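The values are calculated or read from the model by the stated rules, or taken from the named source; none is laboratory data. What you are looking at is a predicted structure, and each value in this text was computed from that prediction instead of being measured. Glycine also receives a Cβ, built like all others from the backbone with ideal geometry; neighbour counts cover every protein chain displayed.
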Amino acid sequence: MARKKNIDRSIDIRDICYFIDHVSDIDFRISLIKELGYGIGVNVATETSEIKNVTIGKKNETRVQITPRTKHSRLVKCAIIS
């Protein structure tokens, strides 16, 4: 039976949160995160979803919410850490 590796992703989360805190233009923030090599995906936000929210996806990937929820759409962009 294969054993899963316990990978520390705290440095990746810290890097992404740094750009969330220091870059206010959302399009520029997304392009910077892409340049760092992270994937960009979409999550369906709930009522309590906030920016910098960390979740685990269906394929066991870590996702960090990088855009706020709007009134018009429940979809938010997230950075994907493989």
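Select from segment 55-73 the residues that are in a loop (DSSP other than H, G, I, E, B), of a type in the set (K, R) and surrounded by 14 or more Cβ atoms within 10 Å (Cβ to Cβ) and list them in ascending order. Write out each step before concluding.
Residues of segment 55-73 that are in a loop (DSSP other than H, G, I, E, B), as a first pass: 57-61, 66-73.
Then keep just the ones that are of a type in the set (K, R); that gives 58-59, 69, 71.
Passing the criteria: only R69.
Against the condition of a type in the set (V, I, T), part of a helix (DSSP H, G or I) and either without any contact (Cβ under 8 Å) to a residue 12 or more places away in the chain or in contact with a strand residue (DSSP E or B) (Cβ under 7 Å, 6 or more places away or on another chain) (or both), how does I30 come out, does it pass?
On the way: of a type in the set (V, I, T): yes; part of a helix (DSSP H, G or I): yes; either without any contact (Cβ under 8 Å) to a residue 12 or more places away in the chain or in contact with a strand residue (DSSP E or B) (Cβ under 7 Å, 6 or more places away or on another chain) (or both): yes.
The answer is yes for I30.
Under the condition of being closer than 15 Å to S82 by Cα and polar (S, T, N, Q), which residue from segment 1-35 is surrounded by the most Cβ atoms within 10 Å (Cβ to Cβ)?
S10
Quickly run through segment 61-76 and pick out the residues that are closer than 13 Å to I51 by Cβ and touching a Lys or Arg at 6+ places or on another chain (Cβ under 9 Å). Before the answer, list the steps.
Taking segment 61-76 first, the residues closer than 13 Å to I51 by Cβ are 63-70, 76.
Of everything in segment 61-76, those that are closer than 13 Å to I51 by Cβ and touching a Lys or Arg at 6+ places or on another chain (Cβ under 9 Å) turn out to be V64, Q65, I66, T67, V76.
From (1) farther than 17 Å from S10 by Cβ; (2) in a loop (DSSP other than H, G, I, E, B); (3) at pLDDT 90 or above, pick out the condition that doesn't hold for K52.
For K52, the failing item is (1).
Go through segment 1-27 and report how many residues are assigned to a loop (DSSP other than H, G, I, E, B), among the charged types (D, E, K, R) and closer than 22 Å to H72 by Cβ.
At the first step, the residues of segment 1-27 found to be assigned to a loop (DSSP other than H, G, I, E, B) are 1-9, 23-25.
Checking the rest, the ones that are also among the charged types (D, E, K, R) come to 3-5, 8-9, 25.
Right, trim to closer than 22 Å to H72 by Cβ and you get 25.
Residues that pass the stated criteria total 1.
Please go through segment 36-48 and give me each residue that is in contact with a strand residue (DSSP E or B) (Cβ under 7 Å, 6 or more places away or on another chain) and surrounded by fewer than 16 Cβ atoms within 10 Å (Cβ to Cβ), ordered by number. Give the derivation first.
Quick first cut of segment 36-48, residues in contact with a strand residue (DSSP E or B) (Cβ under 7 Å, 6 or more places away or on another chain) only: 38-45.
Within segment 36-48, G39, I40, G41, V42, V44 meet the criteria.
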